[in-house]
1. If neighbour count is taken as other Cβ atoms inside 10 Å, put B:Ser33, B:Ser70, B:Ser90, B:Ser186 in order from fewest to most.
2. When B:Phe95, B:Phe62 are ordered from fewest to most other Cβ atoms inside 10 Å of their Cβ, what list results?
3. How high is the relative contact order of chain B, in percent, with contacts defined as C-alpha pairs under 8 Å that are six or more residues apart?
4. Angle between the Cα long axis of helix B:58-80 and the longest principal axis of chain B, 0 to 90 degrees, nearest 10?
5. Quick check: the angle from helix B:148-174's long axis to the longest principal axis of chain B, C-alpha only, nearest 10 degrees?
6. Which of B:Arg171, B:Arg210 comes first, and how do the rest follow, when ranked by fewest Cβ neighbours within 10 Å?
7. Any idea how many Lys pairs in chain B come in under 18 angstrom at the alpha carbon, given 8 or more places apart or on separate chains?
8. Return one number: the angle in degrees, 0 to 90 and rounded to the nearest 10, between the long axis of the Cα atoms of helix B:117-131 and the longest principal axis of the Cα atoms of chain B.
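No lab work stands behind these numbers, since they all come straight from the coordinates. This one's a predicted model, so the numbers in the text were calculated from it and none came from an experiment. Glycine also receives a Cβ, built like all others from the backbone with ideal geometry; neighbour counts cover every protein chain displayed.
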Amino acid sequence: AAMGAPHDEL
Amino acid sequence: MNIFRFAGDMTHLLSIIVLLLKINATKSCAGVSLKTQELYLLVFVTRYLDLLYSYISLYNTFMKLFFICSSGCVIWYIREHKTVSQTYDSAQDTFRVLFLACPCMILALTVNHDFTVTEVLWTFSIYLEAVAILPQLVLLQRTKNVDTLTGNYVFLLGGYRALYLLNWIYRILTEPGYRQWIVWISGTIQTAIYCDFFYYYIKSWRNNERLSLPS
């Protein structure tokens with residue numbers, strides 16, 4: 001995502 | 001990872017186990033909406049594409065694979081199993097899912113964090129999950145006597161996202177700069193859709209009577 005953080009939640 | 005999110009994931013896991021237990025033990029899917037199950041498989045498949053290209057943790061990978069496989073398994077039971085498929089009430093399970101999927105896809109194409117295929121599909125899955133329970137709730141209103149396990153399944157399913165709401169509040173308070181408006185708003189709408197069910201479920205549980213939703 002743009003924020004760089006991968007989607008870590010299920 | 002925090003306790004709310006872990007409890008949410010475990011509640012979600014438990015909801016699917018309860019559903020599989022109900023179908024396998026009673027050899028019946030009466031009261032279960034195939035449409036909702038197919039929407040959930042679509043949610044998991046479009047959300048967990050990152051299984052193909054990124055690794056976060058063993059837990060994350062295991063849970064994603066479990067959700068995809070278990071929802072596929074439920075669909076197989078309802079569609080293919082010789083005994084269970086006889087108990088599927090397709091005449092009552094008539095929600096037009098395209099009225100849910102198309103607006104979610106249009107919204108995902110316009111409101112997202114990143115205009116890439118995987119990010120748009122991930123966003124689509126977030127929006128779709130918020131409304132995926134509707135065919136199931138409509139079916140419960142139509143089928144008068146809801147069996148206990150099906151009621152428990154829907155209750156746990158609603159509970160998991162409510163726990164995720166607590167997880168997001170916790171993360172807002174502990175992680176400066178944590179912002180996830182898309183999942184926050186979708187998750188709130190998703191949980192709000194369950195309020196009416198929660199009310200009748202808890203009322204039937206307190207009065208120790210059979211759950212039945214007013215149509």
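1. B:Ser90, B:Ser70, B:Ser186, B:Ser33
2. B:Phe62, B:Phe95
3. Working: 243 pairs, mean separation 66.9, N = 215.
Value for chain B: 31 percent.
4. 30
5. That works out to roughly 20 degrees.
6. Working: B:Arg171 16, B:Arg210 12.
With the fewest neighbours first, B:Arg171, B:Arg210 line up as B:Arg210, B:Arg171.
7. On the way: B:Lys22/B:Lys35; B:Lys22/B:Lys82; B:Lys22/B:Lys144; B:Lys27/B:Lys82; B:Lys144/B:Lys203.
Count of close lysine pairs: 5.
8. Approximately 40 degrees, to the nearest ten.
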